[in-house]
1. For the stretch 118-139, name all the residues that are polar (S, T, N, Q) and in contact with a Gly (Cβ under 9 Å, 6 or more places away or on another chain).
2. Could you list all residues from the stretch 277-325 that are in a helix (DSSP H, G or I), of a type in the set (S, T, N, Q) and either in contact with a strand residue (DSSP E or B) (Cβ under 9 Å, 6 or more places away or on another chain) or surrounded by 18 or more Cβ atoms within 10 Å (Cβ to Cβ) (or both)?
3. Could you list, in sequence order, all residues of the stretch 176-209 that are of a type in the set (Gly, Ala, Ser), outside any helix (DSSP H, G or I) and under 22 Å from Thr307 (Cβ atoms)?
4. Do we have Gly89 as within 28 Å of Gly185 (Cβ to Cβ) and modelled with pLDDT under 95 here?
5. So which strands (runs of 3 or more DSSP E) stay within the stretch 50-165 end to end and still have 2 or more residues that are among the charged types (D, E, K, R) and either under 21 Å from the mean Cα position of the chain (by Cα) or within 25 Å of His327 (Cα to Cα) (or both)?
6. With (1) in contact (Cβ under 8 Å) with a residue 40 or more places away in the chain; (2) touching a strand residue (DSSP E or B) at 6+ places or on another chain (Cβ under 9 Å); (3) crowded, with 18+ Cβ neighbours inside 10 Å as the list, and Pro134 as the residue in question, which single condition is left unmet?
7. Need the failing condition index for Glu265 against (1) closer than 28 Å to Ala245 by Cα; (2) of a type in the set (Asp, Glu); (3) surrounded by fewer than 24 Cβ atoms within 10 Å (Cβ to Cβ), just the number.
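The values are calculated or read from the model by the stated rules, or taken from the named source; none is laboratory data. Fair warning: this is a prediction, and the values are worked out from it, not measured in the lab. Note that we place each Cβ from the backbone using ideal geometry, even for glycine, and neighbour counts take in every protein chain shown.
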Amino acid sequence: MEKQEDVLILAIESSCDETAASVVKNGRTVLSNVINSQIDIHTMYGGVVPEIASRKHIENINKVIELALKEANVTLDDITAIGVTYGPGLVGALLVGVAEAKAIAFATGKPLVGVHHIEGHISANYIENADLKPPFVALVVSGGHTHLVNVKDYGEYEIIGRTRDDAAGEAFDKVARAVGLGYPGGPKVDKLAKEGNPDAIKFPRAHVDDAPYDFSFSGIKSAVLNYINSCEMKEEEFNKADLVASFQKAVVDALVSRAIKLTKETGVGKLAIAGGVASNSALRKALQDECKKNGIQFYSPSPILCTDNAAMIGAAAYYDYMNGVRHGYDLNAVPNLKLGERV
């Protein structure tokens with residue numbers, strides 16, 4: 001049987017504040033993964049400023065793509081298709097990547113494949129886990145999303161649970177700001193929580209009555225703010241490490257209990273984690289322990305593949321490309337794109 005020719009995807013990601021490009025071979029082998037982060041700039045403002053993010057993407061995108069091709073030791077002639085994130089995300093930031101991808105596709109005559117950002121996060125698991133194939137359950141936890149997804153096949157997703165209000169990452173950022181840790185909140189909370197007692201303060205675990213797999217994090221965020229205000233009014237000191245450790249434990253408990261419950265109920269025996277908050281050490285350990293206890297195989301990408309990157313977009317684009325997905329030059333940024341939706 002003749003060996004199938006390698007499929008090389010040049011992938012572009014610009015949905016928030018990382019300008020990233022990557023060359024991925026056959027959906028699982030990363031030949032290059034270049035990320036230009038804007039964290040230092042946005043830290044001054046305590047969060048991502050969309051206009052600044054868009055401007056920086058314009059400044060950086062050509063250099064990032066050139067470097068990705070150079071590191072992969074390929075030229076545009078070697079590339080099979082161009083993959084790009086077209087949603088969800090910040091509309092101005094997305095537009096920069098989409099315009100760039102369309103220009104390259106037009107100039108080279110290569111196929112264009114628009115990729116869903118969350119599909120990319122889930123696909124990050126394929127890069128380091130050669131044995132992982134659908135079906136499996138994915139827990140997607142990021143600054144903008146908290147989803148429990150039944151991954152039925154490559155490119156085929158069913159959202160079983162979602163947050164009713166704040167995403168988990170958003171709650172981390174708000175709590176970090178409230179205790180004076182600054183931006184980005186997730187890694188700073190994770191670090192300080194290691195010094196605290198997670199059982200020091202009892203914070204609520206919200207349940208959505210009619211939807212056992214849905215999440216709600218606004219209540220716990222309010223409980224933390226109320227606790228801080230109460231201490232300040234009474235002029236009492238509180239232990240920051242204990243506070244963030246207790247908060248983190250409440251969030252982790254809510255995520256883990258639902259993810260394990262769904263994995264057991266579906267009977268797929270495989271659980272993968274994805275998204276920026278997937279790099280949280282307490283969440284990874286809790287999931288690992290619970291999966292071991294319940295005979296479930298646990299998959300997680302390396303932390304660098306949890307945060308926004310283009311390698312995950314290349315992995316997702318490969319499976320979309322193999323499934324016949326192609327986009328025209330009218331592809332547009334869709335900031336509120338839903339998982340499984342094709343626009």
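1. Matches in the stretch 118-139: Ser123 only.
2. Ser279, Gln288
3. Within the stretch 176-209, the first condition is being of a type in the set (Gly, Ala, Ser), and the residues that meet it are 176, 178, 180, 182, 185-186, 193, 196, 200, 206.
In the following step, the residues that additionally are outside any helix (DSSP H, G or I) were identified as 180, 182, 196, 200, 206.
Within the stretch 176-209, just Gly182 meets the criteria.
4. Here the answer is yes, as Gly89 does meet what is asked.
5. Values: elements: 81-87, 112-116, 136-141, 146-153, 156-162.
In the stretch 50-165, the matching strands (runs of 3 or more DSSP E) lie at 146-153, 156-162.
6. (1)
7. (1)
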